Amino acid sequence: MQLMTEKGAAGGGLRERKKRATRAALAEAAVRLAAEHGSEKVTVEAISAAAGVSVRTFFNYFDTRDDAFVVIDADAGARMRRAVLDAPADLSPLEVLRGAMAAELAEAEQQHELWRLHAEVLHASPHLLARGVGAHMAAEAELAEAIAERLGDAGGGIYPRLLAAVAGTAVRTSMDHWSAHQEEAAFLDVFHEVFSLLAAGLPAPAA
């Protein structure tokens, strides 16, 4: 869910949309080049050329070459946190997270190939995988903080962290299941089914 979606790139003013589109192009170029050649062989110059921008422009968006493989959509976390805080007060925390995540995953089916390549790139490089895990944990902690703020739980507590972790697992479960059964249902249908099971307290399937 770190990859830029078309929906995410469409928000904001013209200047902001252009910036998001450029960042998305650089990230996609980096992932595709790394998937083909191996991340260790991909240079900033190659990524920039594939995205049609200068090396100087690359460093306007990423501090290092490795960031282009790991920090794909730096704005996704902020959008999710804002969605959590701005959601109607009558929604449960789980409903709020489901809505926020569904908005980020609206183009999941179109982005699936790129997400798969991204996962392959990270798993092929131990240091990139470690950075990716760290980025995921940081994003999860920030989402938990937004949940705690929404609940007025300034001290944090176990519930916000657990909910953020469970929701993240639900997204991965949805993606894994849909990837293996794409002909049976749309991704968002699987996603909502998984969250409905969570909302129901994970009842055991009928025999």
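No value in this document is a laboratory result; all are computed from the given coordinates. Nothing here was measured: the structure is a model prediction, and the numbers come from that model. Glycine gets a Cβ as well: all are built from the backbone with ideal geometry, and neighbour counts include every protein chain shown.
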Fill in the blank from the handout: Over its alpha-carbon atoms, the chain yields an Rg and a Dmax in Å of 17.9, 61
Completion exercise
Given the candidates Ile158, Ala76, His123, the one whose Cα lies deepest towards the positive end of the charge dipole of the chain, counting +1 at each Lys or Arg C-beta and -1 at each Asp or Glu C-beta, is Ala76
Problem - Relative contact order of the range 6-164, pairs being alpha-carbon contacts under 8 Å that are 6 or more residues apart, as % - result: 25
Handout entry: Charge dipole of the range 125-207 about the Cα centre (unit charges at C-beta), most positive-ward option of Ala180, Ile147, Pro203
Key = Ile147
Exercise for the section: Mind putting a number on the dipole of the chain about its Cα centre? Charges go on the C-beta only, +1 for Lys and Arg and -1 for Asp and Glu, and I need it in Debye to the nearest 20. Expected result: 660
Exercise for the section: Report, to the nearest 10°, how far helix 126-150 tilts away from the longest principal axis of the Cα atoms in the chain, using its own Cα long axis and a range of 0 to 90°. Expected result: 40
Handout entry: About the Cα centre, charge dipole magnitude for the range 81-156 (Lys/Arg +1, Asp/Glu -1 at Cβ), debye
Key = 200
Handout entry: Taking all pairs of distinct alpha-carbon atoms in the range 128-207, Kirkwood radius in angstrom
Key = 14.3
Problem - Total charge dipole magnitude, the range 120-207, about the Cα centre, Cβ charges on Lys, Arg, Asp, Glu only, Debye to nearest 20 - result: 260
